[in-house]
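Input: a single structure, listed below in structure tokens.
The values are calculated or read from the model by the stated rules, or taken from the named source; none is laboratory data. Remember, predicted model here, so these are calculated numbers, not experimental data. As a convention, Cβ positions derive from the backbone with ideal geometry for all residues, glycine included, and neighbour counts pool all protein chains shown. These area figures cover heavy atoms from the full protein model, side chains too; ligands, DNA and RNA do not enter into them. Shrake-Rupley method; radii C 1.70, N 1.55, O 1.52, S 1.80 Å.
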Amino acid sequence: MLRSITFVRHALPEVDASRPPGEWMLSSEGIAAAEALELDGFRASAVSSTESKAAQTVSLALGLAETDVATTPSFREVDRDEQVHEGFRDARRAWVAGRLDARHACWETPDAAARRFHDGLLVYEAEHLIVGTHGMVLTAWLATQGLVERGVDAVAFWESLRFPDVLELGLPLLRVRAVLTDAEGRFVLIKRTRPGQEPYWTTPGGSVMLADRSPEDALRRELREELGAEAELGELVLERQLDSIRSEIFYAATLTSIDPALADGLEFSAPSRGAYEVELVTPDELRTIDLRPDSLKRLLLSR
């Protein structure tokens, strides 16, 4: 099972207007910078985007022949119809932020790019994976995993990436949730309604971000963002593996204050993601609703 991933953003390429960016090779400056990375590939599996500049970067960083680095289209840069012209970086910034407009009519969406990127990661079983990839698609994946905040924070992260750059992640990526109850013993849940689907309920929480100091701090942040709430955290009540990369833990928690007007999570201002409604649910009512995951519902009903 994967234990860690080292992402390598490619080094600086030689711009060749006569060829598509996917065929650009590294510049002399880029070759020197890639070699200077001197990555440790001991007991690691190395894989790269099929784009030459990414495969070159990984091979040089590891001291390998380029033919010794496996390639896959899963880690390619965002599919797009783009000409490098004045203002092209503004279109990229808007894409990274999730603000798609007419400029992105022929572009892969951030969610679609992140999904095929994640599916590509799930293929590998080595304990340590080194992945040669690109800035925009990597940022999109990090945002969908909750490791960087969508919007302006994602843009700031993307613009901070160097040519080349290295990001090391320990696995599993952790999501944290609160089995939150109020003074009357009611569960504080979020009713999720997506277009064309029956509603379901979840516990509040989200991903542990790169900036969070601990899972508990991440959960307190999520409660403030989603509910405008403060809570006392209790024991760990459930842990489950989502896939070979992600896991999720649930803490018992007691509500100490709540003011929905203070909630500022981005999901509440994105109609395309469906509706989020905070509801108080009694233990008896819990039996009648679709609380997810089902393993949590069974656990709570068995108490």
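Side notes on the structure shown:
- Computed extension length for residue 79-residue 295: 74.0 nm, one decimal, from 0.36 nm per residue of separation with the Cα-Cα distance subtracted.
- FRET efficiency, 1/(1 + (r/R0)^6) with R0 22 Å, evaluated for residue 277 and residue 102 via beta carbons: 0.10
- Spin-label model, residue 217/residue 17: points 7 Å from Cα along the beta carbon direction are separated by 4.8 nm.
- Multiplying the residue separation of residue 153 and residue 168 by 0.36 nm and subtracting their alpha-carbon distance yields 3.5 nm.
- Antiparallel %, DSSP beta bridges [both residues in segment 138-267], to 5: 65 percent
- Contour excess over end-to-end distance, with Cα ends at residue 86 and residue 29 and 0.36 nm allotted per residue: 18.1 nm
- Per-residue SASA entry for residue 14, accessible area with 1.4 Å probe, Å² rounded to 10: 110 Å²
- Sorting the segments 129-136, 257-264 by their residues' average number of neighbouring beta-carbon atoms within 10 angstrom, most packed first, yields 129-136, 257-264.
- Entry note, the chain: relative contact order of 18 percent, from Cα contacts under 8 Å with a spacing of 6+ residues.
- Rg/Rh, computed from the Cα trace of segment 54-100 with Rh as the Kirkwood radius, has the value 1.15.
- DSSP-defined beta bridges in the chain - what % are antiparallel, rounded to 5: 55 percent
- Contact order for segment 194-303, expressed relative to its length and based on alpha carbon pairs under 8 Å spaced 6+ residues apart, stands at 27 percent.
- Charged side chains reduced to their Cβ positions (Lys and Arg at +1, Asp and Glu at -1) give the chain a dipole of some 540 debye around its Cα centre.
- For segment 62-131, averaging the sequence separation of C-alpha pairs within contact (under 8 Å, six or more residues apart) and dividing by the residue count gives a relative contact order of 40 percent.
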